[in-house]
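Asks: Next up is a structure, given as structure tokens.
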Amino acid sequence: MQIIIRSNSEEVGRAAADIIEPFIRRGCVLGLATGSTPTPTYQELIRRHNEDGLSFANTQAFLLDEYAALPHDHEQSYYATIRRELTSHVDIDDAKVHSLDGMSDNPQQTADDYEQAIKDAGGVDIQILGVGANGHIAFNEPGSAHDSRTRVIDLHPQTIADNARFFDSEDEVPRQALTQGIGTILDSRNLIFIATGENKADAVKALIEGPVNTDSPASAIREHPNVTVILDEAAASKLAKN
Ligand code: F6R
């Protein structure tokens, strides 16, 4: 596990973009996280598209997760969010930006089909990950098995409270989501784990210094052979060696 620490989230975004760019240049299957953490990375990739000729034409993408019961045209659906934050600003074919359908009336079938679609695409080359304050990756809340696959999950009360900032009120935050499993994520050939801000410091400490167990879903990535962890100083502030 390589650990990179930068002074702020913009520098973290540049460091992440430096790692992701060669994959995009040669054509790849990109795994995309939503939420606020990857925004500086996406802004930097958009800048490189606009100014440095970085083309996404040979890239396809799979989102990690989606709220249940939010239609795609809801502005907080991850379908809409990734288009607003990244893909509508670059030359990726929109049909190749894959996401889970939170409105499916057969969510487990939708989840199984998504697993198959990732396999059919040849697997994810590089997966971008954020982390919840409670250690979740994608929406794999504490207790999720490290070999879990794509499925429906009940969101943890802390996740609902944390994500209320994107909605008019906490009542509007969906209570369930569809999420790639931890096992699905670990199948990606490369992982980039990004954490910024002091509220991620405990989750980062558990990932790097704690035991590998299901209390810390993020700790599962320590078992992956190809992980880069990129932190700002605030997220790294509770590490023993910092
Ligand atoms: C979203 C996702 C989540 C977020 C996490 C952190 O696709 O996978 O695990 O990365 O909830 O969210 P932010 O970045 O908003 O703090």
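The values are calculated or read from the model by the stated rules, or taken from the named source; none is laboratory data. The structure presented is a predicted model; accordingly, all values stated were derived computationally and were not measured. Positions of Cβ are backbone-derived with ideal geometry, glycine not excepted, and every protein chain shown enters the neighbour counts. Ligands, DNA and RNA are excluded from the accessible area calculation, which covers all protein heavy atoms including side chains. Shrake-Rupley method; radii C 1.70, N 1.55, O 1.52, S 1.80 Å.
Asks: Post the alpha-carbon centroid distance, region 1-60 to region 160-181, in whole angstrom.
Replies: Here the answer is 25 Å between Cα centres.
Asks: Identify, among S55, S36, A16, the residue whose Cα sits farthest towards the positive end of the charge dipole of region 7-74, taking +1 on the Cβ of Lys and Arg and -1 on the Cβ of Asp and Glu, with the dipole about the Cα centre.
Replies: S55
Asks: Post the alpha-carbon centroid distance, region 125-153 to region 203-223, in whole angstrom.
Replies: So the separation of the two Cα centres works out to 11 Å.
Asks: Something else about it: Hey, could you get me the Stokes-Einstein D for region 29-162, Kirkwood radius over alpha-carbon pairs, 10 °C and 1.306 mPa s, rounded to whole µm² s⁻¹?
Replies: Rounded, D is 102 µm²/s.
Asks: How would you rank 225-234, 156-165, 205-214, highest first, on the average number of other Cβ atoms within 10 Å across their residues?
Replies: By packing density, highest mean first, the sequence is 225-234, 205-214, 156-165.
Asks: Oh, and also: Per residue, how many Å² of accessible area does region 109-242 show with a 1.4 Å probe?
Replies: 41
Asks: About the Cα centre, and with charges only on the beta carbon of Lys, Arg (+1) and Asp, Glu (-1), how big is the dipole of the chain? Nearest 20 debye, please.
Replies: I would put it at about 780 debye.
Asks: If you rank E21, E198 by how much accessible surface each has, with a 1.4 Å probe, what is the order from largest down?
Replies: The ordering from most to least exposed comes out as E198, E21.
Asks: While we're looking at this one, here's another question. Looking at the square roots a ≥ b ≥ c of the eigenvalues of the Cα gyration tensor of region 27-101, which shape do they give, rounded for a/c under 1.5, prolate if a/b is larger than b/c, or oblate?
Replies: Cα axes put region 27-101 in the prolate bin.
Asks: Kirkwood Rh over Cα pairs of region 1-55 into Stokes-Einstein at 20 °C, 1.002 mPa s: D in µm²/s?
Replies: Reported coefficient: 182 µm²/s.
Asks: To the nearest 10 Å², what's F167's accessible area with a 1.4 Å probe?
Replies: So the heavy atoms of F167 present about 20 Å² to solvent.
Asks: Still on this structure: Please report how many Lys pairs in the chain have alpha carbons closer than 23 angstrom, counting only residues at least 8 apart along the chain or sitting on separate chains.
Replies: 5
Asks: Rounded to the nearest 0.05, what FRET efficiency do E21 and D91 give with R0 = 22 Å and r taken as the Cβ-Cβ distance? Could you check?
Replies: The calculated FRET efficiency here is 0.95.
Asks: Give the average over all directions of the projected area of the C-alpha convex hull of region 143-240, one decimal, in nm².
Replies: 6.6
Asks: P(r) tail for the chain, what percent of Cα pairs lie past 25 Å?
Replies: Roughly 37 percent, rounded to a whole number.
Asks: If amide H atoms are built 1.01 Å from N in the plane of the peptide, which residues on other chains or at least 5 residues away come under 5 Å of the amide H of H98?
Replies: Residues meeting the criterion, in which the H sits 1.01 Å from N, are A61, F62, L63.
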